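The structure under discussion appears below in the form of structure tokens.
Just so you know, all these numbers are worked out from the coordinates, no wet-lab data involved. If you're wondering where the values come from, they're calculated on a predicted model, not measured in any experiment. So basically every Cβ, Gly included, is an ideal-geometry build from the backbone, and we count neighbours across all protein chains shown.
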Amino acid sequence: LRRSRVNDLLTSTDLNRDVLVKGWVRTRRGNKYVQFIALNDGSCLATLQVVADLSKFSEESLKDITTGASVAVRGQLVASQGKGQAVEVQAEEITVLGTADPETYPLQKRGSDQKGISLEALRDIAHLRPRTNTFGAVLRIRHALAFAIHQYFNEHGFYYVHTPIITGSDAEGAGQMFRVTTLPPEHPPRTADGSVDFAEDFFGKQTNLTVSGQLEGELAAMALGQVYTFGPTFRAENSNTARHLAEFWMVEPEMAFYDLPDNMDLAEDFLQSLVRYALQHCAADLQFLHDTYDKELLGRLQFVVDNQFQRLTYTEAVEILKTAKQKFEFPVDWGTDLQSEHERYLVEKHFKKPVILTNYPKDIKAFYMKLDDDGRTVRAMDVLFPGIGEIIGGSQREEDLGKLEARMAEMHVPADELWWYLDTRRFGTVPHSGFGLGFERLVLFVTGMGNIRDVIPFPRYPKKAEF
Ligand code: ATP
Ligand code: MG
Ligand code: MG
Ligand code: MG
């Protein structure tokens with residue numbers, strides 16, 4: 001007899017047959033005639049009801065079937081008399097695979113439902129929280145979105161390229177980089193002037209964890225046309241916010257022959273497609289999160305799918321913010337970067353829809369963005385989402401070697417370190433564009449969770465990297 005998954009049994013119409021199912025006990029309840037075991041195996045949110053008739057099982061034989069224990073059940077799949085489920089399993093044989101001592105099992109009280117245990121407290125037992133309904137739902141949705149991303153790009157002629165995690169340049173993320181080294185921390189080799197001698201290090205130079213795969217992605221786009229990366233990125237920034245992690249996953253498409261409007265069209269269609277995919281494929285998990293945490297979740301997701309994003313320039317946005325009635329913590333002035341309070345005002349209060357802001361002042365954006373004709377702004381775009389703020393940052397890239405070198409000099413970006421990047425402009429340069437989507441910000445939006453630490457299995461933030 002082959003094992004069936006709970007999800008397949010719950011949707012099966014082939015009844016009155018012998019089945020084998022394995023999973024974890026969520027709850028056991030009942031009376032002295034019959035016991036009901038709610039069994040979950042991760043294949044879906046719902047549990048399968050296993051009925052143990054006490055004429056067949058002694059109370060003693062069921063004593064280890066407690067919340068969190070793992071069991072294998074053989075029995076008959078039958079129509080259920082009870083409310084809330086179409087089928088149940090009448091147990092013939094129950095084997096306890098692993099016990100979970102009720103005295104010490106951390107999720108005991110709630111039958112592995114997170115109610116009553118705060119999301120904050122669950123972060124301290126991140127190794128167990130996937131067993132709660134909430135994190136089961138979040139992780140299935142996260143999986144579905146990752147899958148949808150690959151599917152979208154595959155269907156649209158993009159190639160998936162892998163960019164390095166360890167990088168030899170720190171031109172892009174000055175001050176935000178995690179160093180990678182094999183030098184002994186106690187007595188690292190020193191040069192004559194007393195500074196650490198990285199020539200003795202594994203790679204013979206200073207290396208770091210990547211903050212973005214974009215620059216390498218551009219190289220690939222200059223050969224393959226349309227590419228994307230989807231990998232982990234690392235930023236040693238202040239991640240004590242509900243929107244920042246020290247380790248997060250970024251999706252970065254890069255397209256030759258795309259200008260800024262093409263880039264915006266892609267970003268909008270991409271995001272709408274992903275949200276639509278989740279609505280279609282994660283209905284039960286989304287409904288659970290909607291009912292449990294956020295009664296506006298499903299409406300918000302459908303709204304994003306159904307409505308065009310608002311497009312306007314940074315300059316126009318600053319005008320709106322300056323005349324807004326709302327008091328902001330940080331004042332808005334042309335030339336300063338927008339804070340998330342400003343972004344969210346535009347999205348949630350003013351336009352009441354997702355916004356794409358373009359043409360930011362050059363001084364607050366990266367060196368590789370294409371300069372506008374006015375010489376003051378660049379062809380940047382940020383996509384802003386309700387409840388999130390910035391979800392995507394992108395731009396048309398500067399394709400002109402001379403202009404790019406001038407920008408780098410102006411911003412003190414070391415050209416000698418980026419000689420390989422400049423070669424793309426030196427040989428067969430073309431107009432091109434791309435963007436970075438923070439994968440966890442997408443998952444945050446789709447799940448409606450309040451904190452980015454709750455949409456990744458093992459969050460990394462200041463003072464948090466235990467396991
Ligand atoms: P923010 O303004 O929110 O700090 P950013 O402008 O510094 O973001 P980019 O360098 O533009 O970020 O990175 C591209 C995308 O990666 C962002 O739009 C965001 O979705 C995501 N992102 C950036 N930093 C983080 C982080 N620390 N944790 C999670 N996602 C992030
Ligand atoms: Mg940032
Ligand atoms: Mg930003
Ligand atoms: Mg950005």
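Less than 15 Å from a label point 7 Å out along the Cα-to-Cβ axis of residue 203: which backbone N atoms in the range 381-425 qualify, by residue? Only 417-421 fall inside the zone, counting backbone N under 15 Å. Less than 5 angstrom separates the built amide H of residue 313 from those of 358, all sequence-distant by 5 or more or on a different chain. The calculated 222 nm mean residue ellipticity attributable to helices in the chain amounts to -8000 deg cm²/dmol, summing -39500 (n - 2.57) over DSSP H runs of n ≥ 4 and dividing by all residues.
Remark on residue 87: its backbone amide H falls under 5 Å from those of 80, a criterion applied only to residues 5 or more positions apart or on other chains, H modelled at 1.01 Å from N. Across the cross-link table entries 327/352; 352/403; 83/295; 365/463; 22/109, which are compared at the Cα atoms, the separations over 26 Å belong to 352/403; 365/463.
Kirkwood radius and radius of gyration were both taken over the C-alpha atoms of the range 3-105, and their ratio Rg/Rh is 0.93.
Placing dummy labels 7 Å off each Cα toward the beta-carbon, the span from residue 280 to residue 99 is 4.9 nm.
Compute the helix-to-body angle for 214-224: its Cα long axis versus the longest principal axis of the chain, expressed 0 to 90° and rounded to tens. Its long axis makes an angle of about 90 degrees. Spin-label model, residue 55/residue 240: points 7 Å from Cα along the beta carbon direction are separated by 6.5 nm.
Separation of the range 135-187 from the range 257-326 is 23 Å, based on Cα centroids. Overall, the anisotropy analysis places the range 206-290 in the oblate class: the square-rooted eigenvalues a ≥ b ≥ c of its C-alpha gyration tensor yield a/c not less than 1.5, with a/b not exceeding b/c. For the range 169-322, a/c is not less than 1.5, where a ≥ b ≥ c are the root eigenvalues of the C-alpha gyration tensor, and a/b tops b/c. That puts it in the prolate class. Only aspartates and glutamates eight or more places from residue 349 in sequence, or on another chain, were considered; those with a Cα closer than 13 Å are 341. Look at the dipole of the chain built from charges on Cβ: of 371, 157, 214, the Cα furthest out on the positive end belongs to 157.
The label point for residue 154 and the one for residue 196, both projected 7 Å from the Cα toward the Cβ, are 4.2 nm apart.
Shape analysis of the chain based on the Cα gyration tensor places the equivalent ellipsoid semi-axes at 49, 27, 21 Å, largest first. A Förster distance of 45 Å, applied to the separation of the beta-carbon atoms of residue 13 and residue 33, puts the FRET efficiency at 0.95. Gyration tensor analysis over the Cα atoms of the range 99-256 returns equivalent ellipsoid semi-axes of 37, 28, 12 Å (largest first, whole Å).
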